[in-house]
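Working notes for the structure below.
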């Protein structure tokens, strides 16, 4: 290997040009920590983006008023989305989840009820509520088939953040209300 004195100015310039932008080994560790902290910041940012992207724009979901066969005011209703366990459904039917909020649709006309339901679910999504109760009533004043109950039964099945729902226990409104579990 040539001695320091044996290197020509041209070789020295060529060497400096070839190592331009590199970091001496003593400074590498400090740079790695900086790179790692940037990775963590990027990961956190990506997680926030994913959370934001998974938010569903509920106001733009076209809800059909047609659903499963109509039920009477005294009949129970239920829905279990794919991937929702049978064990959790039994727990829901027993009122085993803590209710974080409720919406009472008594007396609402159809368009008003649809808007209130969607706005309530948007709030639930923003508040990270997991279990809510929706009171639709039994429709005893409007003939033999309750309008709001059957519409809520149809609408909730079409909303992508709904994991499952079922008629409440008697202490929470019975067949006039539903426990609704939402995706987090």
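The values are calculated or read from the model by the stated rules, or taken from the named source; none is laboratory data. Please read all numbers here as calculations on a predicted model, not as lab measurements. Every residue, glycine among them, receives a Cβ derived from its backbone with ideal geometry; neighbour counts consider all protein chains shown.
Summary table
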read-out: Candidates 159, 135, 99 - the one that is free of Cβ contacts under 8 Å to residues at least 60 places away in the same chain and either out of contact with any helix residue (DSSP H, G or I) (no Cβ under 8 Å at 6 or more places or on another chain) or surrounded by fewer than 21 Cβ atoms within 10 Å (Cβ to Cβ) (or both); value: 135
read-out: Failed criterion for residue 124 (all others in (1) out of contact with any helix residue (DSSP H, G or I) (no Cβ under 9 Å at 6 or more places or on another chain); (2) closer than 18 Å to residue 164 by Cα; (3) modelled with pLDDT under 80 hold); value: (3)
read-out: Members of segment 125-184 found to be part of a loop (DSSP other than H, G, I, E, B) and within 16 Å of the chain's Cα centre (by Cα), listed by number; value: 128, 129, 130, 159, 160, 161, 183, 184
read-out: Yes/no for residue 52 being within 16 Å of residue 156 (Cβ to Cβ), under 16 Å from the mean Cα position of the chain (by Cα) and modelled with pLDDT under 90; value: no
read-out: Considering residues of segment 97-118 that are in a helix (DSSP H, G or I) and touching a strand residue (DSSP E or B) at 6+ places or on another chain (Cβ under 9 Å) only, the residue farthest from residue 61 (Cα to Cα); value: 116
read-out: Test: residue in segment 144-154 that is exposed (fewer than 14 other Cβ atoms within 10 Å of the Cβ) and closer than 26 Å to residue 184 by Cα; value: no
